[in-house]
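Notes for the one structure printed next.
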Amino acid sequence: MRSLAALVYAAVAIGSPCFGLRAQGTVIAETRVNLRRDSSTERTPIRVLKALERLEVTGAARNGFLPVRTERSETGWVSSDYVYPEGDEALNAAAPPLRVIGLDAPAGAISPNWERPPVGKSTLRHDPDDGTRCGARGADGGDWETFILKNRSDVPTVSHAVTFAALEALPFKTGGLGADRADTGWTKAQKAAVGRFEGIPLTITGFLAAVKQQAGSSGGEGTNCKFTGEANTDWHMALVRTHRDSEPNALVVEPTPRIKRKHPNWTKPMLAPWSGDERQRTDSVRITGFLFYDPDHANHLRKYRRTMWELHPVTRIEVFQNGAWVDVDDMQGPP
């Protein structure tokens, strides 16, 4: 997978857009990072930038650093590993065409050689807008390595259709890793085992046993900076094999606020006929999203999920209606 640093470098060096970044674009500091006097770490920094500080890019990258101007009119250099282009959520509002490989014969195993797109990062504005923002790393002090993956804002152009069995064959499906990959210190071998598959876009067909707002009324989640309310929180959707299966047998698939805002049709009333007790034998749904390992929910096994692996974030929802598959974005209203 190409790093964001390489993508930023290429975009600035040749003047072509990359996640919206041009030679004179604006980037966001994703965490506290040094503002340097030159494109190296040899001299004393000018100061430490604050997380989510806006920076104007003033020229070409050099040695992995970008020349920038701060809102205080300071000029300096910042590591391109710790910034991302402003406005990802707006630029990605129109989803690109999606090609799903294997819809007629879903794969029974997931190949680590399948495409894994670079992670798109963005800043979430609180809704209603009260001036607060949530960066790609979520709340300070949280598991930022996990949060960056949950908060990705890009949309895949290629996905692979797979079976439930393919997901259950993945490593660590019933836990065995630290709940916080950033601080508890997964071993290199564990990170490598998960990293072989994490971030692959997949499509899976099943039935929705439940659609729930995630922690919307009791303090929120760290990944969304403890924001609350429907517009600022994830959904927890329980995708199961058959119309009779229940949550203990579910694959968790989660639309996130950064993605939900691009899909005004993604509402609980719209999905109600395909979820919970309303679902029927033919009322299947098709979910596309990024393969993701959530280390924080081992206590949910056999209660709300069958595996620690998820599709998160979800980037497309389709339903089977009147003998045909329909993208929920194209529906005119609840049937």
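What follows is calculated from the coordinates using simple rules that are stated; it is not laboratory data. Given the structure is predicted, the values throughout are model-derived calculations rather than measurements.
Overview of results
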item	result
Those lysines that a straight Cα-Cα span of less than 23 Å connects to K191, excepting residues fewer than 8 apart in one chain	K121, K150, K173
Residue-averaged [θ]222 nm for the chain, counting only DSSP H segments that reach four residues, each worth -39500 (n - 2.57)	-3000 deg cm²/dmol
Largest-first ellipsoid semi-axes for the chain, taking √(5λ) over the Cα gyration tensor eigenvalues, angstrom	36, 21, 19
Derived scalar couplings ³J(HN,Hα) [the range 69-80; Karplus, 6.51 cos²θ - 1.76 cosθ + 1.60; whole Hz; x for Gly, Pro]	10, 7, 6, 8, 6, 6, 10, x, 10, 9, 4, 6
Karplus-derived 3J(HN,Hα), 6.51/-1.76/1.60, for each residue of the range 124-136, Hz, glycine and proline x	8, 8, 4, 10, x, 5, 10, x, 8, 9, 10, x, 4
Under-5 Å amide H pairs with V83, H placed in peptide plane, nonlocal only	E30
Expected-Rg normalisation [2.2 N^0.38 Å, Cα atoms] applied to the range 170-316	1.04
Cα gyration tensor shape for the range 137-190, rounded if a/c is under 1.5, else prolate or oblate	oblate
Whether the range 56-156 is rounded, prolate or oblate, judged on the alpha carbon gyration tensor where a/c under 1.5 counts as rounded	prolate
